[in-house]
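Chemist: Just passing along the structure, written as structure tokens.
Throughout, read-outs are computed from the coordinates displayed, never taken from laboratory work. Here the structure is a predicted model, which is why all the values come from computation and not from measurement. Counting neighbours? That spans all protein chains shown, and the Cβs are built from the backbone with ideal geometry, glycine included.
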Amino acid sequence: MRAIVNIFLKEGVLDPQGKAIHHALDAMNFEGVEDVRMGKQIVLKLSTTSKEKALEEVEKMAQEILANTVIEDYTIEIVE
Amino acid sequence: MKSIAILQFPGTNCDLDTKYAFEKLGCKTQIVWHKETTLPKDIDLVVIAGGFSYGDYLRAGAIAKFSPIMRAVIEYADRGGKVLGICNGFQILTEVGLLEGALKRNVNLHFISKFQTLKVINNNNDFLKKCQKDEILNIPIAHADGNYYINDSGYKKLEENGQILLQYSNRRGEREIVNGSVNSIAGICNKNRNVFGLMPHPERAIESILGSSDGVKMLEGLIA
């Protein structure tokens, strides 16, 4: 079982890296990009076969270390 | 003679500068490896020196906060012990929750390394008691993640409690945007005023021949 954790800066927290990418896309004449947010993805390979247990554990990991909840939000996806 | 413990993580690179600075001011210093579970006895100050603990992987300070020594530092701070975090040390102190807020990537995405003028916002604390309010200090900065963030309600609390200590400014004391920090904050303390964090490096400003000795009065406050 794998857990995919996506971490992004919270809405309203300025994302300088996303902004720089946005500027680059504009400079390359890609049109219609309204906003760019950059985050990170952490993929965990887990030994458990219980989806609930996996979610519970990864939630704890995200809260305690993977994300800094002062500035970041995260999503967790469990895949078989 | 005051006794200072200076923490060393894998990737810390300002520990020896910090040791040199405090010894020049007449203190006894001990470098403490992050795997230690206790701090040396009878110390007067813990300094978390600058650098790149664990290569800044994940986030600056994120891995260091789980080093065994940090538990001892939290207990020490909770008992009222004085803790100073410089640069990466400031990042670690916010990650571990001893200081409010967080440090993000600089707004221009550059690693900024230069002398920077700072304004003293509050000197009613052990760290800046030897400085004057509104005094302008010239101190080097060297960081990529110094963009201090705190939400509006958190900011109000910092202000009400006098926790905002230093602000990036020009020589006339006008606020300057350096790295994107909320209200150009360069340094703060906790509510109890025994834990201090700042991005600038006072330990690099202790000899005028090297550009500035303004760091002396900052460090002296902590050992007076």
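Chemist: Residue under question is A:Lys40, and the condition is that it be closer than 19 Å to B:Leu58 by Cα and among the basic types (Lys, Arg); does it hold?
Modeler: For A:Lys40, the condition - closer than 19 Å to B:Leu58 by Cα and among the basic types (Lys, Arg) - is met.
Yes/no matrix, rows are residues, columns are (1) in contact (Cβ under 8 Å) with a residue 12 or more places away in the chain; (2) surrounded by 18 or more Cβ atoms within 10 Å (Cβ to Cβ); (3) under 24 Å from B:Leu166 (Cβ atoms); (4) in contact with a helix residue (DSSP H, G or I) (Cβ under 8 Å, 6 or more places away or on another chain):
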| position | (1), (2), (3), (4) |
| --- | --- |
| B:Thr18 | yes, yes, yes, yes |
| B:Lys28 | yes, no, no, no |
| B:Arg71 | yes, no, no, no |
| B:Asp78 | no, no, no, no |
| B:Gly89 | yes, yes, yes, no |
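Chemist: While we're here: Among the candidates B:Arg204, B:Arg175, which residue alone is more than 14 Å from chain A (Cβ to nearest Cβ) and under 15 Å from B:Ile121 (Cα atoms)?
Modeler: Selected residue: B:Arg175, the only one of B:Arg204, B:Arg175 that is more than 14 Å from chain A (Cβ to nearest Cβ) and under 15 Å from B:Ile121 (Cα atoms).
Chemist: Quick check on region A:12-50: of everything there that is in contact with a Lys or Arg (Cβ under 9 Å, 6 or more places away or on another chain) and in contact (Cβ under 8 Å) with a residue 40 or more places away in the chain, which residue is nearest to the other protein chains (Cβ to nearest Cβ)?
Modeler: A:Val13
Chemist: Can you pull out every residue in region B:90-100 that is within 13 Å of chain A (Cβ to nearest Cβ) and within 18 Å of B:Val178 (Cα to Cα)?
Modeler: Within region B:90-100, B:Gln91 is the sole residue that qualifies.
Chemist: Going by what's in this entry, would B:Lys129 be described as more than 14 Å from every other protein chain (Cβ to nearest Cβ), surrounded by fewer than 16 Cβ atoms within 10 Å (Cβ to Cβ) and under 26 Å from A:Asp15 (Cα atoms)?
Modeler: Here the answer is no, as B:Lys129 does not meet what is asked.
Chemist: Which ones in region B:171-224 are of a type in the set (S, T, N, Q) and in a loop (DSSP other than H, G, I, E, B)?
Modeler: Hits for region B:171-224 are B:Asn179, B:Ser181, B:Asn190, B:Asn192, B:Asn194, B:Ser213.
Chemist: Select from region B:46-66 the residues that are surrounded by fewer than 19 Cβ atoms within 10 Å (Cβ to Cβ) and facing chain A (nearest Cβ under 8 Å) and write down the one among them that is nearest to A:Gly39 (Cα to Cα).
Modeler: Restricting to residues being surrounded by fewer than 19 Cβ atoms within 10 Å (Cβ to Cβ) and facing chain A (nearest Cβ under 8 Å), the top hit is B:Leu58.
Chemist: Looking for whichever is closer than 28 Å to B:Leu109 by Cβ and either exposed (fewer than 15 other Cβ atoms within 10 Å of the Cβ) or without any contact (Cβ under 8 Å) to a residue 40 or more places away in the chain (or both) here; the options are B:Ser212, B:Ser181. Which one fits?
Modeler: B:Ser181
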